[in-house]
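The values are calculated or read from the model by the stated rules, or taken from the named source; none is laboratory data. As the structure is a computational prediction, the values presented were derived from the model and not from experiment. Positions of Cβ are backbone-derived with ideal geometry, glycine not excepted, and every protein chain shown enters the neighbour counts.
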Amino acid sequence: MKRQIVCVVLGVLFVLLMSSVSFSADTIRLKWNSIFAATHFATPLAGQFCEDIKKRTNGRVEIALLPGATLTPPNRVFDGVVQGISDIGLSNPGFTRGRFPVSEVITQPLGFPDAWVSSHVSQDLYAKFKMKEYDSVQVLFLFGSGPLTVQTVKKQVKTLEDVAGLKLRAIGPMADMAKLIGAVPQPLDPGDVYESLRRGVLDGTIFPLEALKAWKIGEILRYATSSWKVGAAAIMYVVMNKDKWNSLPADIKKVFEETSAEYAEKFAVAFNKADIDGLEFLKSQGGTTIPLSDAESARWIKAVQPMLDTYRKDLISKGYTDKDVDGFIAFAKERIDYWRKISREKKIEIPYEQ
């Protein structure tokens with residue numbers, strides 16, 4: 001009898017063990033390749049996303065977050081997702097200019113006042129047009145940066161004339177902006193900017209204010225010109241491999257959709273706050289901001305308007321019509337006005353007075 005009881009107990013333990021092994025084997029393990037460094041404020045937020053997915057799927061999904069573009073460099077993050085090198089990717093379309101033509105409307109001088117607004121406009125843009133540039137992946141969410149402004153090491157930039165000849169880090173359409181205001185664009189990856197500034201290879205950057213602290217460049221830069229009225233921003237994507245997405249059970253897809261919608265807002269808030277923190281960091285390092293008068297801002301806005309002509313020609317060369325481009329631009333402007341109004345109603349704190 002005792003031998004029988006022992007056999008039954010051992011049998012139960014074996015079944016439980018095999019069930020545990022089977023459950024572990026069924027766990028969906030994903031790799032997330034992000035351009036942001038481990039020290040960047042967005043990385044802990046992405047980590048929270050991973051933890052929430054694990055919790056909300058009762059451990060059925062585990063995401064390994066790999067910061068610093070570990071699996072593929074910034075300009076290859078999207079392709080890395082498509083090819084299955086990574087399952088999820090976070091990057092900036094500016095690294096692959098022309099690859100995301102409709103998304104690049106966010107980088108045009110349309111008057112984006114802050115990251116919260118640009119993030120919501122980015123989401124609305126995708127919801128409205130379902131841009132075919134993302135057809136090869138599953139979009140989890142999009143978000144935007146604050147307005148890209150001129151930041152310098154030695155020279156105070158108070159007028160357009162002050163920008164002439166300065167070597168400024170700028171990628172994608174921002175390189176066009178740099179040229180139009182008289183600067184010499186330098187297309188460097190974010191991780192290379194600090195050392196380039198320190199060595200004098202760069203005179204400054206065209207970056208959102210968050211980079212001052214997030215990339216530590218506020219330790220070297222001394223001036224941030226409040227050229228925000230030019231109003232161009234950066235758009236970011238978080239996307240998943242299409243085959244991986246299609247393989248997920250329906251209930252897990254629902255968790256991803258709900259969590260992504262929640263984190264689209266969290267990233268919008270975080271990047272907006274990061275601009276404020278970046279400005280404070282610059283000041284704590286002895287830096288200062290340089291305001292532009294309304295008249296000078298108007299000169300900057302006029303100077304960069306040819307960007308829209310370039311944008312239009314680029315999209316038409318890719319098969320879009322004048323009507324299509326007008327629609328993208330008009331929609332973005334309308335949503336900027338809408339979300340700016342909502343931002344004021346919500347009393348969302350912003351880095352510059354508007």
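Being buried (at least 16 other Cβ atoms within 10 Å of the Cβ) and farther than 16 Å from Q108 by Cβ holds for only one residue in S317, S297, S293, and it is S297.
Only helices (runs of 4 or more DSSP H) whose full extent lies in region 240-310 are considered here, and the ones with at least 1 residues that are under 19 Å from I63 (Cβ atoms) and without any contact (Cβ under 8 Å) to a residue 12 or more places away in the chain are 242-247, 250-284. If the condition is being of a type in the set (K, R) and more than 27 Å from A46 (Cα to Cα), then region 209-242 contributes R222, K229. For region 318-354, residues that are among the hydroxyl-bearing types (S, T, Y) and at pLDDT below 95 total 2. Test F78 against the stated conditions and say whether it is closer than 27 Å to M307 by Cβ, within 15 Å of the chain's Cα centre (by Cα) and in a loop (DSSP other than H, G, I, E, B). Judged against the criteria, F78 is not a match. Taken together, the criteria exclude G89 from residues that are under 14 Å from F36 (Cβ atoms) and either among the acidic types (D, E) or surrounded by fewer than 20 Cβ atoms within 10 Å (Cβ to Cβ) (or both).
Number of residues in region 153-165 that are crowded, with 22+ Cβ neighbours inside 10 Å and either at pLDDT below 95 or more than 18 Å from T289 (Cα to Cα) (or both) equals 0.
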